[in-house]
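Novice: Below is one structure. I have some questions about it.
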Amino acid sequence: MQADDAHLQTALDRVRSAPDLEALRALERESRVLVDEGFAAARQSPPERRKEAFQSVQRAKEAIEAAIRARKDEFEAAALESERSGAGFDPTLPAPKPRRGSLHPITQVTRELEDLFTSMGWRVLDGPEVELERYNFDALNISRDHPARDTMDTFRCDPEGKLVLRTHTSPVQVRAMERLKPPFRAIVPGKVFRNETVDASHEHTFHQMEGLCIDRGVSVGHLIGTMKTLLRGVFGRDIEVRLRPGYFPFVEPGFELDARCPFCKEGCSVCKQSTWIELLPCGMVHPNVLAAGGIDAEEWTGFAFGLGLSRLTMLRYEIDDVRLLLSGDPRFLEQFA
Ligand code: PHE
């Protein structure tokens, strides 16, 4: 190949119109062979023309190299431009999938119970977690010297002790009575707080679900029936219950409701070999509480219960350490996805 060669013109044209980088690389290889051949031919030429022949091939070589470099630059500039303009980005491709979380086991149990109770005409209520001492204690007939008021048990939010972190969901009983006209039925799932020494079965923050039914002529029979329905919903079959007397200032009479252990017949570690599980405290709403909520105790009656949602969730999924529930540990939470 020589600088004035028609071959050179063709080679330059092909380089300038190379469609892509791959074609250009092929041309580059091809032209190196041609240049080598050109130098070989120059070596063979008569001595008087040899110098000129070498110079001609050298010029051809440089011309081709420059053309290749220029074409490469064009490709690079085009690639950069297309990246900048977003061309080559296919908006119809599926997006990368976000990692999916799941509902906390307590939320799952709460939602199931909400479905169950709303299907029976109950409503779901909410209340403040920072509560007035009046609602948390006084309106619930809890006397000034009741041990629950002990500073050991209750987190207080101000020096006068008028604001507390609610120690139970029961204050929403009175808030509901103030807001709603009887008859009504409501559940109140939510967080409660107690100044506990934390261990496998005690947490300072845990979940309860209050239940309150106010109507005419409400009896303990209604309470038991409702609790049996709740258990059927949670465990998927009929479960025997029993009532023992229990004392809570805001119910009279007050009970502890036990359920037959859903896991065994003869006794196991869950029921501590007794075949009964202490499920929830409950009772008939005390007339003083009805009065505090502005409801005429001559006309209206009611029952209330305080379900330990954390405890029920633990029973349901056989979780043996309450601290896992609020640990936020993904290894624990992933199991409920
Ligand atoms: N609020 C009580 C507690 O947390 C439970 C309870 C609720 C008892 C409703 C009776 C009726 O211990």
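Just so it is clear, none of the values below were taken in a lab; they were calculated from the coordinates. In this text the structure is predicted, and so the values were computed from the model without any measurement. Neighbour counts run over all protein chains shown; Cβ positions are idealised from the backbone, glycine included.
Novice: Given labels modelled 7 Å from the Cα in the Cβ direction, how far is it in nm from S274 to R216?
Specialist: Between S274 and R216, the simple spin-label model gives 4.0 nm.
Novice: I'm checking a number: the convex hull volume of the Cα atoms of the chain, normalised per residue, in Å³. What is it? Please report the intermediate quantities before stating the final value.
Specialist: Details: hull volume 91.2 nm³, N = 337.
Cα convex hull per residue, to the nearest whole number: 271 Å³.
Novice: Could I ask something else about it? Just from its helices, what would the mean residue ellipticity at 222 nm be for the chain, if runs of 4 or more DSSP H residues each count -39500 (n - 2.57) and the sum is divided by every residue, rounded to the nearest 500 deg cm²/dmol?
Specialist: Values: 10 runs with 137 residues, N = 337.
Calculated from helices alone, the mean residue ellipticity at 222 nm is -13000 deg cm²/dmol.
Novice: Go through segment 117-164 and name the chymotrypsin sites (Phe, Trp or Tyr not before Pro) that are in a DSSP coil and have 16 or fewer other Cβ atoms within 10 Å of their Cβ. Walk me through the intermediate numbers first.
Specialist: Details: sites: F117, W122, Y135, F137, F155; in loops: W122, F137, F155.
Those that pass, being in a loop and sparsely packed, are F155.
Novice: D36 versus R179, label points 7 Å from Cα toward the beta carbon: distance in nm?
Specialist: Each label point lies 7 Å from its Cα, and together they span 8.9 nm.
Novice: Report the relative contact order of segment 6-85, percent, no decimals, based on alpha-carbon pairs under 8 angstrom and at least 6 residues apart. Before the final figure, lay out each step's value.
Specialist: Working: 41 pairs, mean separation 33.5, N = 80.
About 42 percent, as a whole number.
Novice: Also, quick follow-up: So how much slack lies between R59 and H204, counting 0.36 nm per residue of separation and subtracting their Cα-Cα distance, in nm? It would help to have the intermediate numbers written out before the result.
Specialist: Numbers: separation 145, 0.36 × 145 = 52.20 nm, distance 8.75 nm.
Going from the current span to full extension adds 43.4 nm.
Novice: A further question follows. Check the chain and count each lysine pair with an alpha-carbon distance under 30 angstrom, considering only pairs eight or more places apart or from different chains.
Specialist: For the chain, the number of qualifying lysine pairs is 10.
Novice: Considering only C-alpha atoms, what is the centroid distance from segment 65-128 to segment 275-331, in Å?
Specialist: When both Cα centres are located, 40 Å separates them.
Novice: Mind checking segment 22-114 for chymotrypsin sites (Phe, Trp or Tyr not before Pro) that DSSP puts in a loop (not H, G, I, E or B) and that have at most 13 other Cβ atoms within 10 Å? Before the final figure, lay out each step's value.
Specialist: Details: sites: F39, F54, F75, F89; in loops: F89.
Passing sites in segment 22-114 are F89.
Novice: What Cys residues in the chain are without a partner cysteine, judged by a Cβ distance under 4.7 Å?
Specialist: Here C157, C213, C282 come out as lacking a disulfide-compatible partner, given the Cβ-Cβ threshold of under 4.7 Å.
Novice: Expressed as a rounded percentage, what relative contact order does segment 276-337 have, with Cα pairs under 8 Å and six or more residues apart?
Specialist: Working: 36 pairs, mean separation 18.4, N = 62.
Relative contact order of segment 276-337: 30 percent.
Novice: Let me spell out the model: positive unit charges on the Cβ of Lys and Arg, negative unit charges on the Cβ of Asp and Glu, origin at the Cα centre of the chain. What dipole size does that give, in debye rounded to 20? Kindly include the intermediate steps, with their values, before the conclusion.
Specialist: Values: 45 positive and 53 negative charges, 94 e Å.
Dipole size: approximately 460 debye.
Novice: I need two numbers for segment 1-82: Rg to one decimal and Dmax as a whole number, Cα atoms only, in Å.
Specialist: 14.5, 53
Novice: Another one. How high is the FRET efficiency between F75 and H7 when r is their beta carbon distance and R₀ equals 25 Å, given to the nearest 0.05?
Specialist: Numbers: r = 24 Å, r/R0 = 0.97.
It comes out at approximately 0.55.
Novice: Once fully extended, how much extra length lies between Q108 and K162, figured as 0.36 nm per residue of separation less the alpha-carbon to alpha-carbon distance? The partial results should precede the final answer.
Specialist: Values: separation 54, 0.36 × 54 = 19.44 nm, distance 3.38 nm.
Using 0.36 nm per residue and subtracting the Cα-Cα distance, I get 16.1 nm.
Novice: Fewest Cβ neighbours within 10 Å first, please rank M120, M177 accordingly. Display every interim value, and only then the final one.
Specialist: Working: M120 12, M177 25.
The fewest-first ordering by Cβ neighbours comes to M120, M177.
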